1. Evaluate the following for R514: is it under 20 Å from K552 (Cα atoms), of a type outside the set (D, E), touching a residue at least 24 places away in the same chain (Cβ under 8 Å) and open to solvent by 10 Å² or more (accessible area, probe 1.4 Å)?
2. May I ask you to list the residues in the range 549-560 that are out of contact with any strand residue (DSSP E or B) (no Cβ under 9 Å at 6 or more places or on another chain), over 25 Å from H273 (Cα atoms) and not polar (S, T, N, Q)?
3. Please indicate, with yes or no, whether at least one residue in the range 265-284 is in a strand (DSSP E or B) and in contact with a Leu (Cβ under 8 Å, 6 or more places away or on another chain).
4. Could you tell me which numbered condition F15 fails, if it satisfies all but one of (1) of a type outside the set (S, T, Y); (2) assigned to a helix (DSSP H, G or I); (3) open to solvent by 40 Å² or more (accessible area, probe 1.4 Å)?
5. Looking at the range 302-336, which of its residues are part of a loop (DSSP other than H, G, I, E, B), modelled with pLDDT of 85 or more and farther than 30 Å from N136 by Cα?
6. Which members of the range 637-649 meet the condition of being within 13 Å of H604 (Cα to Cα) and exposed (fewer than 14 other Cβ atoms within 10 Å of the Cβ)?
7. Given Q481, Q521, which one is in contact with a helix residue (DSSP H, G or I) (Cβ under 9 Å, 6 or more places away or on another chain), open to solvent by less than 20 Å² (accessible area, probe 1.4 Å) and not hydrophobic (A, V, I, L, M, F, W, C)?
8. With (1) over 26 Å from K534 (Cα atoms); (2) more than 22 Å from the chain's Cα centre (by Cα); (3) in contact (Cβ under 8 Å) with a residue 40 or more places away in the chain; (4) surrounded by fewer than 19 Cβ atoms within 10 Å (Cβ to Cβ) as the list, and V312 as the residue in question, which single condition is left unmet?
Amino acid sequence: MSRQFADIIIPVAVFGSFTYEIPEGLCGEVRRGSLVNVPFGQSRNTSGLVINVHDTPPAEMTLREITSLLPGGVAVNDRLTDFLLWISDYYMAYPGEVMKAAIPSPEDLPGRPPKRKQKEAALVPEDEIIKPSELNRVQQVAYDSVRQMFADHETVLLHGVTSSGKTEIYIHLIREQLDQGKQVLYMLPEIALTTQIIERLRKHFGSTIGVFHSRLTPAARRKVWQKVSDGSLRAVLGVRSSLFLPFSDLGLIIVDEEHDSSYKQNDPAPRYHARDAAMMLARIHGGRALLGSATPSLESYHNALSGRYGFVELMTRFGDVMMPEMVIADTRRAGKKRGPASHFTPRLLEAVEDALKREEQIILFQNRRGFSPFLMCSDCGHVPACTNCSVSYTYHKGIGRLVCHYCGKSVRLPSECPECGSVNISTMGFGTEKIEEEIKLLFPSARVARMDQDTVRNRGAVSDILGSFAAGDTDILIGTQMISKGLDFERLTVVGILDADNMMHFPDFRAHERSFQLMEQVSGRAGRRTRRGKVIIQTADPANIILRQVLKHDYRSMSSEQLGERALFGYPPFTRIIRIALKHRDLNELNASAQRLAETLRRHLGNHVLGPEFPLVMQVQKWYIKTVMIKIDSSLSPSKVKELVRRAMETELKLPRKGLLRINADVDPQ
């Protein structure tokens, strides 16, 4: 019998794979997709993913043998293996990084008994499963159009205004796929959204649908992995990591709220965009991808207008419910006030009071957690800043500490200024914690809750907060962007956006697009039933064009204006971007490396290379950061540019220097 060899991905930061010999006892058992134990380095064993089996030994090399298959014979199917290799190639990630992110650790794989009995989710009895509701005329037209578009397009964009009934269309499409014996993946950007929607989906699909996200216990994740692999779980509702489940026959992937930046993984690698990756996964399975949003990303909208995607619009609310009344509240005219009313305009307070009298509910949106963004000495102007990062501390009153939101370091609240000794230290600005405190003072009889990263750290906190609001046990919900999308509450009629200016004036080419999306999405939570909702937007810049477009719910005007600017200045969707981040603890070493790398790339790519420059936050966890940006237009080959970047990064990393240099590439950064 001829010798056999396997090319194996190992979870280390190296491009490419490692070749091992297959021992005679495992020949025929080791195949593409097998998960194996192999010796690696001096003395340790590690797990690896087989991506190729062949009979060609590497020239003049002594090979080590595979130790064993992982217990239970767990393997990854060909389609998932192809998908992981595509992720690695497109997003310039080491294959081992992709494997580490996608495949559970050996102890979390199927085949190992749970340490304790897991609480099962309550399932709907088969005889209580209900058929999808009948679509109204407008929904039926949209549903038929989506199905028709799928005949000629792998991807379709469904642009439906908030509360237009997109979810009901999704349910009909899911039922159609399940009846054909296909699998379905329904993706959402936030774990918070899965809580409300899974209850609705289980009424229609019972035990054939499951949930997958990072807050599940390892045993629960292992169970979902096993059920998807053996085909007993036909549909999954999940966040971006659900793309890596071992589906065997995906007929449809729904990417709801497709515009949301949470679909982009930033750190650690692989830095993939789940929306774009979902379209590739659907292609690998021969299935279709449906992107849904009330405020599509400009990239998706442009692709739809140009004919690359199918395009369907759903522009009326379900039941002909009116869009909410939009009101601009000028914070300059509200006057300088002190005390608990200082962050609320009279119009907003009046709307809250009226809603409470009618026993209706309110959402107050402030996209900044904590009590105060920073402290300042009133005498010398000193602002306490993190010693590890180039940012000020955020004050969290509940724990009485200053916290860095980048590295997590926290220090006690100073009793006096460390620079001048003054005791006149003031809180500046406001976050969700401060809003909660002041609302409780202004409306002492109201039942108030807060939903942000600080209040949902514990497993089950999200469902508890939203469940209480849905049951009517909470009158006012204060939160960050996690309350801005997809949620549906019958008695919610008033939404307050407390600081629109902070979003609109952020220094980023996507700032206006994102401001429109965020304000339109959060306003869409109001008045989704019989009573018309009201949205109060507080701003010191009432003439801003984006606010005018939000007032009219005028997505087309916003997209037309922004796409024109993007084309003029060469930004996506008219170019692709690769952002290279270099990190070093020594600023001089960083400057030298960043300049050298940029010059190397500029020799080949000319003025397509921008930088190096410091980002907004130039130091995190004592690592200084510089970035180099590459704009890839139609004159360049993306694959050739990526290969050039890989070589330039590897060359720079091999040069002798003092200390450790880190370099990573982010393809299609958000």
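1. yes
2. Selection gives D554 alone.
3. Scanning the range 265-284 turns up no residue that is in a strand (DSSP E or B) and in contact with a Leu (Cβ under 8 Å, 6 or more places away or on another chain).
4. Of (1) of a type outside the set (S, T, Y); (2) assigned to a helix (DSSP H, G or I); (3) open to solvent by 40 Å² or more (accessible area, probe 1.4 Å), only one is false for F15: (2).
5. Listed by number, the list holds a single entry, T331.
6. Selection gives S637, K640, E643, R647.
7. Q521
8. Here V312 clears every test but (4).
The values are calculated or read from the model by the stated rules, or taken from the named source; none is laboratory data. Because the structure is predicted, anything quoted here is derived from the model rather than measured. Quick reminder, even Gly has a Cβ in these numbers, built from the backbone with ideal geometry, and neighbours come from all protein chains shown. Note: areas computed on protein heavy atoms with side chains; ligands, DNA, RNA excluded. Shrake-Rupley method; radii C 1.70, N 1.55, O 1.52, S 1.80 Å.
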